[in-house]
Amino acid sequence: MSNIEKTLAIIKPDAVAGGFAGKIISTIEEHGVRIAAMKMVQLSTDDARRFYAVHVGKSFYEGLIDFMAGGPCIVLVLEGENVLERWRTLMGPTDPQNAPAESIRHRFGTDVRHNATHGSDSSEAALLEIAFFFSGLELPLPSIHPKESSH
Ligand code: IDP
Ligand code: MG
């Protein structure tokens, strides 16, 4: 059974400021993951607080908010078979020090906060996170698969 999913990816402010956005986007494309939507945004502190509301009260929350509102991000909707798990595998674990050498977080992250990228952790989160950043007008229709077309 095919399992075409969508997930939200963020190229975080550290990676944009470091000039790694192009390499990260290339890595996504080289792995055959489709970019369904993409834009650059500057989060306000309030935006960042709402996006990361699930982490309210954790020791790293305030630092995370300052980091995420500290410069522009690039937000993307990725689409494909098992793309939630595939993107999280491409990123590597939260702490770049624990991440495999070929992973994005190892290559472009600095420490557990400044870890270059975000990826949704469940299909429920992906739906909410995509809706946080993209309106229906900004989301193209799912890719057309000619063989499955009805005419
Ligand atoms: P994830 O991004 O791998 O899903 P989460 O636990 O959801 O990791 O944490 C969200 C973000 O908060 C991380 O990507 C990282 O930027 C930051 N973060 C997580 N844990 C820590 C920590 O222990 N210290 C500092 N920042 C952290
Ligand atoms: Mg998370």
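Relative contact order of the chain, taken over Cα pairs closer than 8 Å and 6 or more residues apart, is 35 percent.
By average Cβ neighbour count within 10 Å, what is the ranking of 109-119, 92-102 from highest down?
109-119, 92-102
In this rough spin-label picture, where each label sits 7 Å from Cα along the Cβ direction, the ASN82-ASN98 distance is 2.2 nm. Partner aspartates and glutamates whose Cα lies under 16 Å from the Cα of LYS6, excluding those fewer than 8 positions away in the same chain, are identified as GLU29, GLU79, GLU81, GLU85, ASP121, GLU124, GLU129, GLU138. Residue-wise HN-Hα couplings along region 112-123, as the Karplus relation 6.51 cos²θ - 1.76 cosθ + 1.60 with θ = phi - 60° gives them from phi, are 4, 7, 8, 10, 6, 8, 10, x, 4, 9, 7, 5 Hz; Gly and Pro carry x. When the surface is traced with a 1.4 Å probe over the full set of protein chains, ARG49 keeps roughly 80 Å² accessible. The alpha-carbon atoms of the chain define a convex hull whose volume equals 124 cubic angstrom per residue.
For region 58-74, backbone nitrogen atoms closer than 14 Å to the point 7 Å from MET40 Cα along Cα-to-C-beta are found at 71-74.
In this rough spin-label picture, where each label sits 7 Å from Cα along the Cβ direction, the GLU138-GLU29 distance is 2.1 nm.
The length gained by stretching the chain between ALA131 and ALA53 to full extension, at 0.36 nm per residue less their Cα-Cα distance, is 26.6 nm.
The values are calculated or read from the model by the stated rules, or taken from the named source; none is laboratory data. What you see is a predicted model; the values in this text were computed from it and never measured. In this analysis, Cβ positions are derived from the backbone assuming ideal geometry, glycine residues included, and neighbour counts consider all displayed protein chains. For the accessible areas, the whole protein counts, side chains as well, though only heavy atoms, and no ligand, DNA or RNA atoms are used. Shrake-Rupley method; radii C 1.70, N 1.55, O 1.52, S 1.80 Å.
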